[in-house]
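Student: Just dropping this structure here.
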Amino acid sequence: MNPLHPGFDLMLRKFESRAPLEEEDRKALLSLPFRIQTLEPASYVVREGEHPRRSCLILSGLAFRHKVTLDGARQIVGVHIPGDFVDLEGSLLNIADHTVQALTRCEMAFVPRDSVRNLIAAYPRLAASMWIDTLIDASIFREWVVNVGRRDARARIAHLLCEFARRLEVADLSEQYRYELPMTQEQIADSTGLTPVHVNRVLKALSSEGLIERERRFVRIPDWAALRRAGGFSELYLHLDQVRPSRAIPA
């Protein structure tokens with residue numbers, strides 16, 4: 001892997017923050033074989049029911065995980081940002097139990113499944129780092145379940161906007177309190193268990209209350225504390241004690 005590419009640097013920084021790594025661990029991680037591929041929006045990274053043969057690192061762009069019911073209803077269960085090693089579980093599980101697609105135009109580095117397995121077996125510190133990373137993913141999924149199941153529509157969307165603000169900020173992928181949110185109202189609806197019409201109403205209400213400002217695909221948060229209150233947002237589930245941001249929004 002080429003550590004000069006910003007996406008590889010984000011990945012290395014993240015894994016180093018998950019668990020202490022030695023120089024040999026860093027070299028082994030950056031020596032993984034890979035193939036870079038550009039995916040257009042909606043392109044499939046992995047489909048539910050497939051036998052994964054590779055894991056992938058997002059170098060640029062966003063991807064999302066989702067499940068589809070028998071009648072075709074989609075539930076988005078997570079969004080991934082640059083530096084995320086998507087589908088690490090695919091290196092150990094034989095069958096994909098959900099689908100991953102590109103949300104935006106993405107540049108991804110695909111790594112053979114066997115190479116990830118060999119790395120885990122040979123480098124216990126890297127194995128611990130990857131394990132912690134998947135545990136934090138699971139923590140985020142749990143919060144999304146609570147968001148859909150127990151918060152009202154206003155709180156669901158406010159919470160989602162707060163999460164994106166925190167995650168993008170600590171990854172140095174946004175300005176403070178302002179970031180790009182390239183999701184359609186339909187995609188936000190599928191993330192929050194609402195209809196696109198309801199999402200539109202809530203976004204307008206949050207704007208009229210002065211909690212957010214929308215500029216095309218960008219969101220700005222004029223009053224971070226107020227939006228946090230609206231969403232009942234606590235960043236505990238993001239485990240920010242195990243990331244190493246260079247900048248961070250005040251809690």
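Student: Could you grab me the full set of residues in the range 106-131 that are assigned to a helix (DSSP H, G or I) and either aliphatic (A, V, I, L, M) or within 15 Å of the chain's Cα centre (by Cα) (or both)? If you could, list the steps in order and put the result at the bottom.
Tutor: Residues of the range 106-131 that are assigned to a helix (DSSP H, G or I), as a first pass: 113-122, 124-131.
Hits for the range 106-131 are VAL116, LEU119, ILE120, ALA121, ALA122, LEU126, ALA127, ALA128, MET130.
Student: Would you pick out the residues in the range 62-113 that are among the basic types (Lys, Arg) and either crowded, with 22+ Cβ neighbours inside 10 Å or at pLDDT 95 or above (or both)?
Tutor: Of all residues in the range 62-113, those among the basic types (Lys, Arg) come to 65, 67, 74, 105, 113.
ARG65, LYS67, ARG74, ARG105, listed by residue number.
Student: Among the numbered criteria (1) out of contact with any strand residue (DSSP E or B) (no Cβ under 6 Å at 6 or more places or on another chain); (2) touching a residue at least 24 places away in the same chain (Cβ under 8 Å), which one does LEU70 miss?
Tutor: (2)
Student: Could you go through the range 132-142 and let me know if any residue there is within 26 Å of SER31 (Cα to Cα), part of a helix (DSSP H, G or I), within 17 Å of the chain's Cα centre (by Cα) and among the charged types (D, E, K, R).
Tutor: Within the range 132-142, one or more residues are within 26 Å of SER31 (Cα to Cα), part of a helix (DSSP H, G or I), within 17 Å of the chain's Cα centre (by Cα) and among the charged types (D, E, K, R).
Student: Further question on the same structure: Can you tell me which residue in the range 33-56 is surrounded by the fewest Cβ atoms within 10 Å (Cβ to Cβ), limited to those that are of a type in the set (A, V, I, L, M, F, W, C) and over 19 Å from ILE95 (Cα atoms)?
Tutor: ALA42
Student: Scan the range 203-234 for residues that are of a type in the set (Phe, Trp, Tyr) and either open to solvent by 60 Å² or more (accessible area, probe 1.4 Å) or within 20 Å of the chain's Cα centre (by Cα) (or both) and jot them down. Give the derivation first.
Tutor: At the first step, the residues of the range 203-234 found to be of a type in the set (Phe, Trp, Tyr) are 218, 224, 233.
Matches in the range 203-234: PHE218, PHE233.
Student: Looking at this structure, is VAL145 under 17 Å from the mean Cα position of the chain (by Cα) and surrounded by fewer than 16 Cβ atoms within 10 Å (Cβ to Cβ)?
Tutor: So VAL145 passes the test.
The values are calculated or read from the model by the stated rules, or taken from the named source; none is laboratory data. Because the structure is a prediction, the values reported are computed rather than measured. Neighbour counts run over all protein chains shown; Cβ positions are idealised from the backbone, glycine included. Remember, those area values only see protein heavy atoms, side chains included, never the ligands or the DNA or RNA. Shrake-Rupley method; radii C 1.70, N 1.55, O 1.52, S 1.80 Å.
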